[in-house]
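Here is the structure we will look at.
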Amino acid sequence: MLVDSHCHLEYKGLVEDREGVLERARAAGVGAFLNISTRQSEWDQVVGTAAREPDVFASVGIHPHEADAHQDLGRSALLEATRHPKVVAIGETGLDYYYDKSERDAQKRLFRMHIDVARETQLPLIIHTRDAEDDTHAILAEEIGKGAYPALIHCFTASADFAEKVLALGLTISLSGIVTFKNAKDLQEVAKVIPEDKLLVETDSPFLAPVPHRGRVCEPAYVSDTAAFVAALRGTDVEHFKRVTTANFFNLFSKAVL
């Protein structure tokens, strides 16, 4: 069994044939899916899919790109949304200074609010970070000082130094199809040394299709290609890698029960 720890089943490219997408993934050995939300308006749809599908779980959160549009979102709304039995995570949230689609202070405020709810609920925090390593680490470290909370960096593309820092804070790292790209040599070196018990794989579908599917809409089924690549990179048996990353998923997302 394998888990796609981060996919967007409600996004264009997947939602039009969601049942087919799920069936193809199941046929490829994917036994669980974490359906990720990025704005409040899609929470009902994301959670609804999880409620209908026994092997699909949901997150609730606000992507940093959407921070400006959610400045009035109170922690009570996020906290209430986490009470659904199929909501197993908070996010994705974080900081994105590459596109800067939302004002940076708004991103930071919303990021800290998500952390606060993660601390209270002990649901894992799913973090998006791009070109914001210093501020992301500073906020994570400061907030951990107020009380521990589970968290992971999704679709990791940052530096080896950042990997060391977040691992030291106890975070998990998730790798997407980007690790299979020819120009991802630095990321591949990081992927070799992530502790086995702190490693997940994901698609971030419908984005970032791994080799050999580059140029196509990414589907959760393709997480098997990323898993095979990373297992080979690390010199480990692929079946062992699948077992370990599946166990890591259910250990981290402890509310997720099949």
Kyte-Doolittle cut-off 0.5, length cut-off 15 Å along the helix's own axis using Cα: show which whole DSSP H helices in the chain pass. 223-234
Test item: Cα-centred dipole of the chain, Lys/Arg +1 and Asp/Glu -1 on Cβ, debye: 440 debye
Principal axis extents for the stretch 2-252, Cα atoms only, whole Å, descending order, please. 44, 40, 31
For K182, list the aspartates and glutamates whose Cα falls under 16 Å from its own Cα; do not include residues on the same chain fewer than 8 positions away. D225
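Rounded to two decimals, what is Rg over Rh for the stretch 1-67 when you use alpha-carbon atoms and the Kirkwood radius?
0.97
What 222 nm value per residue comes from the helices of the chain, counting each DSSP H run with n ≥ 4 as -39,500 (n - 2.57) and dividing by all residues, nearest 500 deg cm²/dmol?
-12000 deg cm²/dmol
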Straight-line reach from K146: which lysines fall under 20 Å, measuring Cα to Cα and dropping same-chain residues less than 8 apart? K108, K165
Using Cβ contacts closer than 10 Å as the measure, can you line up K242, K182, K255 from fewest to most? K182, K255, K242
With Cα springs under 10 Å, the Gaussian network model of the chain assigns the largest mean-square fluctuation among D204, D116, D105 to D105
Can you pull the semi-axes for the stretch 42-108, root of five times each eigenvalue of the Cα gyration tensor, sorted largest first, whole Å? 25, 13, 9
Along the three principal axes, how long is the stretch 212-251 when you take its alpha carbons, biggest first, rounded to the nearest angstrom? 31, 23, 11
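How much of the DSSP bridge set in the chain is antiparallel, in percent, rounded to the nearest 5?
Among the beta bridges of the chain, antiparallel pairing accounts for roughly 0 percent.
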Could you tell me the center-to-center distance, by alpha carbons, between the stretch 121-187 and the stretch 212-252 in angstrom? 18 Å
Residue-wise, which Karplus ³J(HN,Hα) couplings in Hz belong to the stretch 76-89, taking 6.51 cos²θ - 1.76 cosθ + 1.60, θ = phi - 60°, and x for glycine or proline? 5, 5, 5, 4, 4, 5, 6, 6, 5, x, 9, 7, 10, 7
Proximal lysines to K101, defined as alpha-carbon separation beneath 21 angstrom and excluding residues fewer than eight positions away on the same chain: K12
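Laboratory data are not the source of any read-out in this text; all were calculated from the coordinates shown. It should be emphasised that the depicted structure is a prediction, and the values quoted were computed from it without experimental measurement. Please note: Cβ atoms are built from the backbone with ideal geometry, for glycine as well, and neighbour counts cover all protein chains shown.
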